[in-house]
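Engineer: First the structure, then my questions, so here it is.
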Ligand SMILES: *Cc1c(COP(=O)(O)O)cnc(C)c1O
């Protein structure tokens with residue numbers, strides 16, 4: 001009996017009647033057992049802190065609902081998203097646990113979030129006013145987490161504006177319209193151990209937390225750590241760590257170490273089915289612009305994925321692909337839907353697998369190798385894999401079908 005990967009309803013809807021995943025043009029296999037093991041490894045590193053599984057942007061391209069469910073099974077107690085729409089979608093899929101979202105814009109779905117029992121982040125006065133109005137309308141206290149800008153310079157409340165925000169939030173808490181459940185912040189350079197901003201941000205955070213607590217805030221959770229801080233800055237763990245990339249088995253930065261150094265295993269394997277193999281003579285130009293020319297008579301393999309699928313055009317001529325057990329380089333430019341590899345005369349059959357990246361068991365490249373080929377970070381490689389590539393979730397528990 002062959003062990004066929006189970007395709008979740010989520011993926012199978014898009015696959016229609018097709019159930020032989022091997023016949024797909026391309027697929028991203030998502031190993032939920034690896035994700036669960038990664039969550040357990042990260043919890044062990046986080047000591048007593050709780051773990052928030054960050055599943056924004058469709059779980060970094062891995063499929064938000066199955067990944068969120070697997071993370072909760074492995075002991076995550078919180079789910080985190082950027083937008084409120086992403087958080088609401090988790091609730092609509094029936095997911096429990098605490099859910100928090102942090103990227104709000106004026107006029108956002110505050111009331112829907114409050115009614116769906118989602119913790120919402122507040123970075124300034126406009127957001128507090130909107131959440132208080134929505135909670136009043138709903139007749140339910142909103143759970144809010146005040147975000148401090150301790151030095152990232154992005155979202156969050158500046159130290160100078162913090163006393164005003166804390167005082168107004170405490171007033172709303174006394175009036176019964178909000179409950180301040182968390183105080184939190186985000187690092188700028190957690191992936192650069194010893195960077196002076198790390199200690200500086202920790203000191204500012206402690207001051208801002210102390211001020212809020214002096215004013216009567218009694219948070220359930222104080223939190224700052226993303227994946228690199230979870231892995232390398234124990235004093236940043238506080239009550240909760242927010243892990244994204246490490247949970248997907250990718251190191252936040254190659255300078256910090258490999259996934260294996262941290263006991264992590266890559267979750268996504270990107271596979272395409274070779275669409276065409278043909279012989280061409282020496283001196284044949286390949287793909288748009290003819291940036292590659294065959295040096296001898298050879299065989300070419302057509303890999304049917306391109307930049308519309310998230311394959312970076314920047315990796316043209318550079319990124320590695322495993323075909324027929326051998327690592328090849330992309331020959332010439334990545335086009336919208338396809339690219340070519342020079343098979344060096346090897347006889348490969350159409351329909352053979354091209355493994356773009358994965359955990360490395362078969363000698364395939366990693367997402368990190370692709371990031372280096374495209375001058376970017378591995379976060380971007382997995383997150384940008386397009387919606388035209390079905391996600392095939394392996395090792396889903398029966399409850400997930
Ligand atoms: C994306 C994000 C995280 C997770 O970051 P990783 O480096 O992927 O672990 C944590 N906190 C916030 C606020 C984020 O936006």
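Please treat every number below as a calculation from the coordinates, not as lab data. Keep in mind it's a predicted model, so treat the numbers as computed, not measured. Cβ placement follows ideal geometry from the backbone for every residue including glycine, while neighbour counts extend to all protein chains displayed.
Engineer: From the convex hull of the Cα coordinates of the chain, what is the mean projected area in square nanometres?
Structural biologist: In nm², the orientation-averaged hull projection of the chain is 21.3.
Engineer: Debye sum, Cα scatterers, the range 268-394, no solvent: what log₁₀ I/I(0) at q = 0.13, 0.19 1/Å?
Structural biologist: Each listed q corresponds, in turn, to -0.47, -1.02.
Engineer: Here's another thing I want to ask about it. Rounded to the nearest 0.05, what FRET efficiency is calculated for residue 313 and residue 235 with R0 set to 41 Å and r the Cβ-Cβ distance?
Structural biologist: On the way: r = 41 Å, r/R0 = 1.01.
So the FRET efficiency works out to roughly 0.50.
Engineer: Taking the alpha-carbon centroid of each part, what is the distance from the range 22-93 to the range 272-347 in angstrom?
Structural biologist: 33 Å
Engineer: Which FRET efficiency value, to the nearest 0.05, do you get for residue 218 and residue 375 by plugging their Cβ-Cβ distance into 1/(1 + (r/R0)^6) with R0 = 56 Å?
Structural biologist: So the FRET efficiency works out to roughly 0.75.
Engineer: Okay, which of the range 74-111 sit inside 17 Å, backbone N to the point 7 Å along the Cα-Cβ direction of residue 33?
Structural biologist: 74
Engineer: Order these peptides, 265-272, 119-126, 132-139, 343-350, by their mean beta-carbon neighbour count within 10 angstrom, highest first.
Structural biologist: Sorting 265-272, 119-126, 132-139, 343-350 by mean packing, highest first, produces 265-272, 119-126, 132-139, 343-350.
Engineer: Give, in nm to one decimal, the length gained when the segment between residue 117 and residue 207 is fully stretched (0.36 nm per residue of separation minus the Cα-Cα distance).
Structural biologist: Numbers: separation 90, 0.36 × 90 = 32.40 nm, distance 2.94 nm.
Gain on stretching residue 117 to residue 207: 29.5 nm.
Engineer: Tell me, what is the FRET efficiency for residue 167 and residue 40 to the nearest 0.05, using R0 = 45 angstrom and their Cβ-Cβ distance as r? Write out the running numbers ahead of the final one.
Structural biologist: Working: r = 41 Å, r/R0 = 0.92.
Rounded to the nearest 0.05, the efficiency is 0.65.
Engineer: Taking the alpha-carbon centroid of each part, what is the distance from the range 108-132 to the range 166-197 in angstrom?
Structural biologist: The range 108-132 and the range 166-197 have Cα centres spaced 14 Å from each other.
Engineer: Using only Cα atoms, locate the centre of the range 363-381 and the centre of the range 206-232, then give the distance between them in Å, rounded to an integer.
Structural biologist: 33 Å
Engineer: Quick check: the angle from helix 162-174's long axis to the longest principal axis of the chain, C-alpha only, nearest 10 degrees?
Structural biologist: 70 degrees
Engineer: Would you calculate a helix-derived [θ] at 222 nm for the chain, using -39,500 (n - 2.57) for each DSSP H run of n ≥ 4 and dividing by the full residue count, to the nearest 500?
Structural biologist: Estimated from H runs of four or more residues: -8500 deg cm²/dmol.
Engineer: Measure nothing but the geometry: give the 0 to 90° angle between the long axis through the Cα atoms of 32-45 and the longest principal axis through the Cα atoms of the chain, rounded to 10°.
Structural biologist: Relative to the chain, helix 32-45 is tipped by roughly 40 degrees.
Engineer: How many nm separate the modelled label positions at residue 329 and residue 103, each set 7 Å beyond the Cα in the direction of the Cβ?
Structural biologist: Result: 3.5 nm between the two label points.
Engineer: While we're on this one: How many percent of DSSP beta bridges within the chain run antiparallel, rounded to 5?
Structural biologist: Of the beta bridges lying entirely in the chain, close to 45 percent run antiparallel.
Engineer: Sticking with the crude label model, points 7 Å out along Cα→Cβ, report the distance from residue 293 to residue 155 in nm, one decimal please.
Structural biologist: 5.2 nm
Engineer: Something else: Could you list 223, 290 in order of exposure, starting from the residue whose Cβ has the fewest other Cβ atoms within 10 Å? Don't skip to the end; give the middle numbers.
Structural biologist: Working: 223 27, 290 11.
Result, fewest neighbours first: 290, 223.
Engineer: If the chain between residue 336 and residue 192 were fully stretched, how many nm would it gain, using 0.36 nm times the residue separation less the Cα-Cα distance?
Structural biologist: Extra length from residue 336 to residue 192 when fully extended: 48.3 nm.
Engineer: Take residue 92 and residue 258, extend 7 Å from each Cα along the Cα→Cβ direction, and tell me the distance between the two endpoints in nm.
Structural biologist: Taking the two extended label points, one gets 4.1 nm.
Engineer: Specify the angular offset, from 0 to 90 degrees and rounded to the nearest 10, of the alpha carbon long axis of helix 64-73 from the longest principal axis of the alpha carbons in the chain.
Structural biologist: Long axis of 64-73 versus the principal axis of the chain: about 70 degrees.
Engineer: So between residue 280 and residue 352, what do we pick up on full extension, going 0.36 nm a residue minus the alpha carbon distance?
Structural biologist: Stretched fully, the residue 280-residue 352 segment lengthens by 24.0 nm.
Engineer: If we sort 239-245, 104-110, 384-390 on the protection proxy, mean other Cβ atoms within 10 Å, highest first, what's the order?
Structural biologist: Those peptides, ordered most packed to least, come out 239-245, 384-390, 104-110.
Engineer: Provide the descending list of Cα extents for the range 139-224 along its principal axes, expressed in whole angstroms.
Structural biologist: Ordered largest first, the range 139-224 gives principal extents of 45, 21, 20 Å.
Engineer: Taking the Cβ of each residue in 45, 129, 222 as the centre, tally the other Cβ atoms inside 10 Å and list the residues starting with the fewest.
Structural biologist: Least to most surrounded, the residues fall as 129, 45, 222.
Engineer: Does the range 33-249 come out rounded, prolate or oblate, given a ≥ b ≥ c as the square roots of the eigenvalues of its C-alpha gyration tensor, rounded meaning a/c under 1.5 and, failing that, prolate meaning a/b above b/c?
Structural biologist: oblate
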